[in-house]
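Where a number appears in this text, it was derived from the coordinates with a stated rule and is not lab data. These figures come from a predicted structure and were not determined experimentally. Quick reminder, even Gly has a Cβ in these numbers, built from the backbone with ideal geometry, and neighbours come from all protein chains shown.
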Amino acid sequence: MADYLLFDIETRPNQGLLDNLRHAYEIETNGNVEVQEMDKLTVDKVKKLIENENPSIAWLELHYMREHDGKARKGVFDELDKRLKVLRNPVDKKWFVTPETQEIITIAWSEGPDGKVVVRQYEDENDWLGWISETLEEFWDLAKRTKICGWNSAGFDIPVLMQESRKIGIPYQRYKIHSFSGVEHNMMDLMKVRFPRDWRGLRASAMAVGMPPGEDAVDTLVTGANVAEAYRIGNYGLIAQHCMVDIVRLQYLFRAYEGLYF
């Protein structure tokens with residue numbers, strides 16, 4: 001077994017959990033607020049109406065459309081638009097990418113920076129629980145034998161893996177992250193090793209240390225930002241390919257940083 005198991009995951013939002021969050025964030029509104037004459041609806045008046053009367057979505061949409069069809073005064077339009085966005089989607093967008101609201105759909109790994117890339121991709125909508133249980137057991141069985149290494153893994157991948165494992169009762173590892181203090185570790189986040197106070201993308205970081213464009217060119221249609229949409233329309237192969245290329249990038253960075261930062 002190699003000294004490090006390099007790994008990466010791809011996820012989709014857990015829609016059921018996000019729906020529950022929406023209920024928690026729902027705002028009661030007042031459906032009896034008087035319709036206003038648009039030429040008298042100033043920015044200050046809109047702000048006061050929203051603050052004091054808490055008008056309904058229907059009220060806001062009516063005045064929004066009237067404003068849009070009329071002079072479209074920027075201040076009034078912006079206040080109506082801002083409030084509508086809050087009421088239509090009350091869940092803070094940060095929840096859409098936080099580990100607690102994610103479901104794993106792909107895991108890839110390699111044993112060391114020169115190992116073969118293994119990809120486990122979920123495709124069967126009817127048996128996610130069976131797939132994730134089997135895949136997590138396989139991953140943790142490998143991980144417990146060595147140290148693990150990822151990119152932004154301390155902030156995202158490991159919390160997601162641990163959350164999913166905890167929910168379905170799969171035993172998982174606890175980790176001490178690599179630091180420069182000399183404390184023994186069993187997990188290394190390459191992004192934090194190189195950029196301890198910053199966030200950097202994996203693809204750009206690999207290119208910055210000289211990863212040949214040819215090795216990266218196959219991954220152009222799917223990125224981390226649109227994996228959930230690619231999954232929704234059934235582009236499973238492209239997601240698997242994207243995760244595989246992320247491991248290749250990770251391998252390249254590992255070789256570039258080894259001897260310099262660890």
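Explain nothing, just the number: dipole magnitude of region 27-89 about its Cα centre with +1 on each Lys and Arg Cβ and -1 on each Asp and Glu Cβ, in debye rounded to the nearest 20.
Roughly 220 debye for region 27-89.
Around the amide H of Arg73, modelled in the peptide plane, lies no amide H under 5 Å away from a residue 5 or more places distant or on another chain. Under the convention that each Lys and Arg Cβ holds +1 and each Asp and Glu Cβ holds -1, the size of the dipole of the chain around its Cα centre is about 880 debye. Each stretch of four or more DSSP H residues adds -39500 (n - 2.57); spread over every residue of the chain, this sum gives -13000 deg cm²/dmol at 222 nm.
A convex hull fitted around the alpha carbon atoms of region 27-89 yields 71 Å³ per residue.
Pairs to check: Lys94/Lys167; Lys85/Lys192; Lys40/Lys94. Give those whose C-alpha atoms are more than 30 Å from each other in this structure. Violating the 30 Å Cα-Cα cut-off are Lys85/Lys192; Lys40/Lys94.
Work out, step by step, the length gained on full extension between Asn20 and Thr98: first 0.36 nm times the residue separation, then minus their alpha carbon distance; give nm to one decimal. Residue separation times 0.36 nm, minus the Cα-Cα distance, leaves 26.6 nm. Working note: Karplus 6.51/-1.76/1.60 with θ = phi - 60° gives region 147-164 the couplings 8, 10, 8, x, 10, 6, 6, 5, x, 9, 4, 5, x, 5, 4, 5, 4, 5 Hz, where Gly and Pro are set to x.
Protection proxy ranking of 161-169, 76-84, by the mean of other Cβ atoms within 10 Å over each peptide's residues and highest first, is 76-84, 161-169.
Model label points for Ile177 and Val118, set 7 angstrom from Cα along the Cα-to-Cβ axis, are 2.6 nm apart.
Relative contact order, percent, of the chain when contacts are C-alpha pairs under 8 Å separated by at least 6 residues?
Computed over the chain, the figure is 26 percent.
Taken one residue at a time, the phi angles of region 226-235 give Karplus couplings (6.51, -1.76, 1.60, θ = phi - 60°) of 10, 4, 4, 5, 4, 5, 4, 9, x, 7 Hz. Gly and Pro are set to x. For the residues Asp44, Asp189, Asp19, a GNM of the chain with alpha-carbon springs under 10 Å puts the largest fluctuation on Asp44.
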